[in-house]
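Engineer: I'd like to ask you about the structure that follows.
Since every read-out is calculated from the coordinates, none of them should be taken as a lab result. Worth saying up front: this structure is predicted, and the values here are computed from it rather than measured. Every residue, glycine among them, receives a Cβ derived from its backbone with ideal geometry; neighbour counts consider all protein chains shown.
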Amino acid sequence: MKKKQLEKLKKQFRPSFETARKMLFDEMEKQTLAKHGLTIQVSIKPTNQSEMAIELVGETTRDQVISVPLDENFNTVVKRIQNQEKGLLTRFSENLADEVANYWAEPVTVAQPEPVEEAVSENVQEISDGMTFAEFTEKMTAFPKFQVHQTADDVQVVEKTPKEERLLATISMKEKDNFTIEAALERKYKLKLDVIPVIETFAKTEITHR
């Protein structure tokens with residue numbers, strides 16, 4: 001009887017889904033400032049309730065607002081936070097804070113001198129002709145904390161952090177168009193839109209042309 005009363009009491013004090021999501025947004029803002037020195041504001045877009053708006057506060061030449069679709073995986077994590085799963089709020093907000101910081105750091109890292117138009121045309125030519133391992137490595141390591149490891153059988157793209165080394169993708173070096181995108185890369189939202197096409201191009205390149 002006491003156990004049922006305790007469960008009922010927990011449900012009464014459990015935050016709503018919207019409150020749990022706001023807790024996550026607030027924690028993201030704190031972690032991004034504490035770990036990376038970036039001041040951001042996180043909210044649900046008024047014009048699209050299924051998107052999260054992340055605004056970089058302060059004077060900057062970089063894009064100040066990014067929009068991130070909120071998929072079912074994100075909502076599942078919020079529900080777990082709502083159920084007060086121990087440590088999840090801190091862990092997930094730290095990961096998101098790192099991804100946000102990586103996104104705004106990316107233009108600074110990969111920016112190239114002029115001429116821009118010539119660089120774009122060269123990239124188009126490279127993609128149409130395939131991609132060598134050296135070119136692939138150069139493009140991957142241009143992203144913050146990304147590294148490329150090669151073995152006799154495959155190539156691995158990893159993210160090196162102070163705490164761990166995360167596997168992001170694996171590309172076969174024996175079979176064309178055979179590659180795996182890991183969940184750690186899928187969770188990178190906007191960054192994956194730039195990374196995955198490069199991986200696909202390299203994977204589709206003939207083995208002898210790499």
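Engineer: Under a Cβ-Cβ cut-off of 10 Å, what is the net charge of the residues other than residue 210 that fall near it, where Lys and Arg count +1 and Asp and Glu count -1?
Structural biologist: Numbers: positive: 176; negative: 135, 206.
For residues surrounding residue 210, the net value is -1.
Engineer: Then there is this: With each pseudo-label sitting 7 Å past Cα toward Cβ, what's the residue 49-residue 33 distance in nm, one decimal?
Structural biologist: 2.9
Engineer: Tell me, in nm to one decimal, what length is gained between residue 173 and residue 88 on full extension, where the rule is 0.36 nm per residue of separation less the Cα-Cα distance?
Structural biologist: Roughly 26.9 nm would be gained on extension.
Engineer: Can you pull out the trypsin sites (Lys or Arg not before Pro) in the range 25-100 whose DSSP state is coil and whose Cβ has at most 16 other Cβ atoms within 10 Å?
Structural biologist: Here the trypsin sites (Lys or Arg not before Pro) that fit, given the DSSP loop and packing criteria, are 62, 86.
Engineer: From zero outward in steps of 10 Å, how is the percent of C-alpha pairs of the range 61-103 spread across the bins?
Structural biologist: Result returned by the calculation: 23, 48, 24, 5, 0.
Engineer: Let me ask something additional. Quickly work out the residue 71-to-residue 16 label distance, labels modelled 7 Å from Cα along the C-beta direction, and quote it in nm with one decimal.
Structural biologist: 2.8
Engineer: Hey, any idea what the orientation-averaged projected area of the convex hull of the range 15-72's Cα atoms comes to, in nm²?
Structural biologist: Values: hull surface 18.7 nm².
The directionally averaged projection comes out at 4.7 nm².
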